[in-house]
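Remarks on the structure that follows.
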Amino acid sequence: MELTSSTNKASTKKVSTKKVVVFDYGFGNVRSAERALARVGADVEITRDFDKAMNADGLLVPGVGAFAACMQGLRAARGDWVIDRRLSGGRPVMGICVGMQILFARGIEHGVEAEGLDEWPGTVAPLEAEVVPHMGWNTVDAPADSQLFAGLAQGARFYFVHSYAVHDWTQESHNPLIAPPKVTWATHGKPFVAAVENGALWATQFHPEKSGDAGAQLLTNWIGTL
């Protein structure tokens, strides 16, 4: 289902101040994320301090590099435990790029398989496309009732830099009282998961902090739920 908003330009109107921690475990563009969040009115701190990460209104987990290395760095900083504890209490977490990929069960790079956080089933595998990495602007196909993409124009473009992705979504909801995850797709060669909204856990394969006004609107939407 295509995005249905007719807005031509993403709003960067500031929201009420919320405390957001950008988790610094050595594998992410933390300064870019900090600037983008501050732009939309968040009170941002870059830290790996356990108490601050636990007590913030929102926790943002960036990620750049190899899946296995990011997981190793995250575990060394106790980030896996922080994410699990926050989600157990229904406290918002957002992952970006490899920070999204590590939320899945496993990743395979160069034939080496590594365990992820297993918040969602699925395997991060090489992109199936003629040109890899996928680097540049691309549109997405989001659910009509998406909160993450609310207020964005149909055909809004986001900035991607990646060579791996999840190509199949396998999680099912059998409880009618629990809303199923909202999955957004993009295509580079073959369709892949571009974003997920799942209760307190949201994530994007693209970089909202590098996606101009569209990315700013998306971060505003996330902060508005904190």
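Can you tell me which residues in the stretch 112-127 are open to solvent by 50 Å² or more (accessible area, probe 1.4 Å), touching a strand residue (DSSP E or B) at 6+ places or on another chain (Cβ under 8 Å) and farther than 23 Å from N198 by Cα? E113, P126, listed by residue number.
Restrict the check to the stretch 102-116 and report whether at least one residue is touching a Cys at 6+ places or on another chain (Cβ under 8 Å) and within 17 Å of G28 (Cβ to Cβ). Scanning the stretch 102-116 turns up at least one residue that is touching a Cys at 6+ places or on another chain (Cβ under 8 Å) and within 17 Å of G28 (Cβ to Cβ). Got a number for residues in the stretch 136-160 being within 17 Å of the chain's Cα centre (by Cα) and open to solvent by 50 Å² or more (accessible area, probe 1.4 Å)? Final tally of qualifying residues: 6. Assessment of the stretch 90-105 against the conditions (aromatic (F, W, Y), surrounded by 15 or more Cβ atoms within 10 Å (Cβ to Cβ), under 30 Å from G155 (Cα atoms) and at pLDDT 95 or above) yields at least one matching residue. Across the stretch 161-173, which residue is surrounded by the fewest Cβ atoms within 10 Å (Cβ to Cβ) among those that are modelled with pLDDT under 95 and more than 15 Å from T187 (Cβ to Cβ)? Only one residue tops the list, namely E172.
The values are calculated or read from the model by the stated rules, or taken from the named source; none is laboratory data. This structure is a prediction, so every number in the text was calculated from the model and none was measured. Ideal geometry is used to build each Cβ from the backbone, glycine not excepted, and the neighbour counts take in all protein chains shown. Calculation scope for accessible area: heavy atoms of the full protein, side chains included, ligands and nucleic acids excluded. Shrake-Rupley method; radii C 1.70, N 1.55, O 1.52, S 1.80 Å.
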